[in-house]
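Some notes on the structure that comes next.
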Amino acid sequence: MKIPRVLIVEDEPAIAELIAVNLRHNGFTPIWAEDGASAQRELDAVLPDVILLDWMLPGQSGLALARKWRGDTRCKAVPILMLTARGDEPDKIAGLDAGADDYITKPFSTQELLARIRAVLRRRAPEQSADSVSIAGLLLDTATHRVSWQGQPLKVGPTEFKLLNYLMKHAERVHSRAQLLDKVWGDHVFIEERTVDVHVKRLREALGGAGLMVETVRGAGYRLTAQPLPVKSDLASQS
Ligand code: CA
């Protein structure tokens, strides 16, 4: 799994350092920028997964930066967690209005900060899937809800679409039926694992020539692969 990059925009080195150390210890890659200008340089170079944005900064304020990045096509999908001083209620509301995803009040505990970062990453995840994904001629676009194979549009039902979206975004990995139920159907729904088989079958039919890319891995589950095995072994593994 990718290590999440966290851009810390904070002018106080002691606070930035404390945050950076804790993030590093918890599996994140921290990048420190002391003001808006250097943060912009970092953003132009590599987009982070989360921005921790201090409210009070020299030069452009955190609020102005949040507003600017929200309006920027490239940056707008990056979650922003604002750092505010204790009790600044109007600040928090203004920060959320400006496009921050959440705020955290200084001083904060490491555990709280990590929990908030993980929460914004989770919440943002569905929106980040609003792109297209393409594997070996198979193209899925979540924005337009379209699927095509070698340029030809395919008709894929809503559940099959969700299933395909998940398989394509986690291609080459084997997913058990239980994992697929959890990730595609959601863990709040009780459905038999056989349901997955039914939808995989429908998905293969809908995909036509690309159906072979959805492989059955005997005793393990399913995977979407760019290099499917020949037809014969695929059929054999289904029996
Ligand atoms: Ca500050």
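Results, tabulated for the structure shown:
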{"quantity": "Cα centre as origin, Lys/Arg/Asp/Glu Cβ charges: the chain dipole, Debye", "calculated": "1080 debye"}
{"quantity": "Solvent-accessible area, 1.4 Å probe, carbon plus sulfur percent, for the chain", "calculated": "54 percent"}
{"quantity": "Order of exposure, largest accessible area first, which applies to Asp44, Asp182 with probe 1.4 Å", "calculated": "Asp44, Asp182"}
{"quantity": "Where the chain is the region considered: accessible area per residue in Å², 1.4 Å probe", "calculated": "54 Å²"}
{"quantity": "The range 5-122: C-alpha gyration tensor shape, a/c 1.5 cut-off, then a/b vs b/c", "calculated": "rounded"}
{"quantity": "Loop trypsin sites (Lys or Arg not before Pro), the range 1-84, which have at most 14 other Cβ atoms in a 10 Å radius of their Cβ (DSSP)", "calculated": "Lys2, Arg74, Lys76"}
{"quantity": "DSSP beta bridges in the chain [antiparallel fraction, %, rounded to 5]", "calculated": "45 percent"}
{"quantity": "Among Leu18, Leu81, Leu52, residue whose mean-square fluctuation peaks in a GNM of the chain (springs only between Cα atoms under 10 Å)", "calculated": "Leu18"}
{"quantity": "Whole-angstrom Cα spans of the chain along principal axes, big to small", "calculated": "65, 34, 28"}
{"quantity": "Relative contact order (%) - the range 132-238, alpha-carbon pairs under 8 angstrom, separation at least six", "calculated": "25 percent"}
{"quantity": "Mean separation of Cα contacts under 8 Å, 6 or more apart, over the residue count of the chain: relative contact order %", "calculated": "11 percent"}
{"quantity": "Semi-axes of the equivalent ellipsoid for the range 50-112, Cα gyration tensor, largest first, Å", "calculated": "19, 13, 10"}
{"quantity": "Cα gyration tensor shape of the range 1-72, rounded if a/c is under 1.5, else prolate or oblate by comparing a/b with b/c", "calculated": "oblate"}
{"quantity": "Candidates Gly211, Gly95, Gly186: whichever shows maximal mean-square fluctuation once the chain is modelled as a Gaussian network with Cα springs under 10 Å", "calculated": "Gly186"}
{"quantity": "Residue-count net charge about Lys169 - beta-carbon cut-off 12 Å; Lys, Arg +1, Asp, Glu -1", "calculated": "+1"}
{"quantity": "The range 5-122, relative contact order in percent, only Cα pairs under 8 angstrom and at least six apart counted", "calculated": "23 percent"}
{"quantity": "Average projected area [Cα convex hull, the range 132-238], square nanometres", "calculated": "6.2 nm²"}
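The values are calculated or read from the model by the stated rules, or taken from the named source; none is laboratory data. Since this is a predicted model, take the numbers as computed values, not measurements. All Cβ positions, glycine included, derive from the backbone under ideal geometry; neighbour counts span all protein chains shown. Note: accessible area is taken over every heavy atom of the protein model, side chains too, but ligands, DNA and RNA are not part of it. Shrake-Rupley method; radii C 1.70, N 1.55, O 1.52, S 1.80 Å.
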